[in-house]
Structures are given as C-alpha cells and as structure tokens.
Amino acid sequence: MEVLDRQQALVSNYEVYLVLQEEDLHHKDIKEKRKIRYPENVTTLKFEALQYLNNTACTTQTAEQLAELKKVLAEYELTKAEILQIVNLRPKTPVELHFIIEECDERFGMEDLEQLAEIVVNTLPREDDNVEEDGEEENGEEEEEEGDGDAEMNGD
C-alpha cells in the first residue's frame, strides 16, 4: 500500500476516542455473539489508547465545542497543526501557547495570547479546572500562614 497524501486529514484526540469507543463496543458485541477472539496485540493497543485518552481533556469535549473553537481560532491565522494541538492540549496560559505556536513572539502579542488562552478555557471547559484553582488557593493560604509564623519567631 502506498500513501498518496499523508496529511489528508488531522484527527483530534476526541475523534480518536470516539472511534476507539465504538470499536470497543463493536468488538465486545461480536465477541459475545460469535465467540470470536481478536488478536491480543489489537486488544492491548485499544485498551492502552483508551486508558491514556480517558486521562485527557477529550473525554469532556463535545463535537459542538470543537466546532465552535475551530471557528473562533480561524480568526487567528493558525495552522491546522497548531489548531489540532490547541484542541488536544487545551492550553490555559500564554506560556503553554508559546510551546504550541511556531514563531509565537513574531505572530502574536501578549494580549492576543491571553485572549487565545481565555477562549480555549471558556470554549472547552473542564470540571477539574475548578478543582485545580481551589487547590492552588489553599496552597497559597498555607504558605502565607507559615510565613507569618516565621516572622513572629524572628521578632522575639
């Protein structure tokens, strides 16, 4: 088999996740009805890929959210690969966007990057975003309390 166009389409983690879930259900259904065993390496690959994807943002995404995000990102003149990485990695800060976007400093200002990060967070919300923020606030309060205690000890 010869590959004619190796970049015919880029597939997001969300799309891979949906296909793997469908295949998993299909394999289980066939296995029950026909008592057919699939090769162990295929089953292992599918299991490990699903296990990995279950720990990423794609499990909470919807097709509508991705379509909306792609529509908004089209205004920023990003490449298809950059958009795909933004969808898959869900950057929350301008620093994370610097790792994704080529020649970021030359193409975008800090305000643009902050807007991009805000768009991503608002368009692809996750339940664990709130948990992370609460955890950071609690850690900050503990550090402040420890700092006050040190000042009192040094003042005596």
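The values are calculated or read from the model by the stated rules, or taken from the named source; none is laboratory data. Here the structure is a predicted model, which means the values were calculated and not measured. So basically every Cβ, Gly included, is an ideal-geometry build from the backbone, and we count neighbours across all protein chains shown.
Every residue, every condition in (1) closer than 30 Å to Ile101 by Cα; (2) among the basic types (Lys, Arg); (3) modelled with pLDDT of 90 or more, yes or no:
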site: Lys33; (1), (2), (3): no, yes, no
site: Thr44; (1), (2), (3): no, no, no
site: Thr62; (1), (2), (3): yes, no, no
site: Leu69; (1), (2), (3): yes, no, yes
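Which number in (1) of a type in the set (Asp, Glu); (2) surrounded by 10 or more Cβ atoms within 10 Å (Cβ to Cβ); (3) modelled with pLDDT of 85 or more marks the one condition that Asp29 misses?
(3) is the only condition that Asp29 fails.
Among the residues of the range 32-76, how many are within 21 Å of the chain's Cα centre (by Cα), surrounded by 10 or more Cβ atoms within 10 Å (Cβ to Cβ) and of a type in the set (S, T, N, Q)?
Adding up the residues that qualify gives 7.
If you take the residues of the range 83-127 that are closer than 19 Å to Ala63 by Cβ and of a type in the set (Lys, Arg), which of them is surrounded by the fewest Cβ atoms within 10 Å (Cβ to Cβ)?
Arg126
Checking His27 against (1) over 30 Å from Ile86 (Cα atoms); (2) without any contact (Cβ under 8 Å) to a residue 12 or more places away in the chain: exactly one of these is not met. Which one?
(2)
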